[in-house]
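For reference, the structure discussed in these notes is given below.
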Amino acid sequence: QVQVVESGGGLAQPGGSLSLSCAVSGNIFSINPMGWYRQPPGKQRELVATITRGGSSNFVDSVKGRFTISRDNAKNTVSLQMNKLKSEDTAVYYCYARIITREYWGQGTQVTVSS
């Protein structure tokens, strides 16, 4: 049984910062990649950022230069640091982990950017 648990998120003002963390536990062989997706209100889920076990990262264009992603392979955790937040970053953020061919998702955490 694999569990994906997110923490962080909440409310921030435009230009502010928030961080998200995610821990994966259970019967884990190798997680590759890990990352974050988000679902804005009324829209489809979209990729935000992923990072491979080797540390290679990928970001959606809209967050490049503002968000950073990191992971700890020993602890099976991934974090997302979100800076210079914009109202369009408002969404439910989901942690994602792929273990061999199976995909696992967290329950989602709300990020709201508003003045």
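The values are calculated or read from the model by the stated rules, or taken from the named source; none is laboratory data. Predicted model, so just to flag it, every value in this text is computed and none were measured. Reconstructed Cβ throughout: ideal geometry from the backbone, glycine too, with neighbour counts over all protein chains shown. The protein model used for the area step is the full one, side chains on, heavy atoms only, and it has no ligands, DNA or RNA in it. Shrake-Rupley method; radii C 1.70, N 1.55, O 1.52, S 1.80 Å.
Some points to look at:
- Meets criteria (surrounded by 15 or more Cβ atoms within 10 Å (Cβ to Cβ), in contact with a Ser or Thr (Cβ under 6 Å, 6 or more places away or on another chain) and more than 22 Å from Val2 (Cβ to Cβ)) for Val113: yes
- Residue that is open to solvent by less than 80 Å² (accessible area, probe 1.4 Å) and at negative phi, where the choices are Trp105, Trp36: Trp36
- Residue check, Ile100 open to solvent by less than 20 Å² (accessible area, probe 1.4 Å) and within 21 Å of Val4 (Cα to Cα): no
- Of the numbered criteria (1) open to solvent by less than 20 Å² (accessible area, probe 1.4 Å); (2) out of contact with any strand residue (DSSP E or B) (no Cβ under 7 Å at 6 or more places or on another chain), the one Lys84 fails is (1).
- The set of residues in segment 55-74 being assigned to a loop (DSSP other than H, G, I, E, B), open to solvent by 70 Å² or more (accessible area, probe 1.4 Å) and either at pLDDT 95 or above or among the β-branched types (Val, Ile, Thr) (or both) consists of Ser56, Lys64, Gly65.
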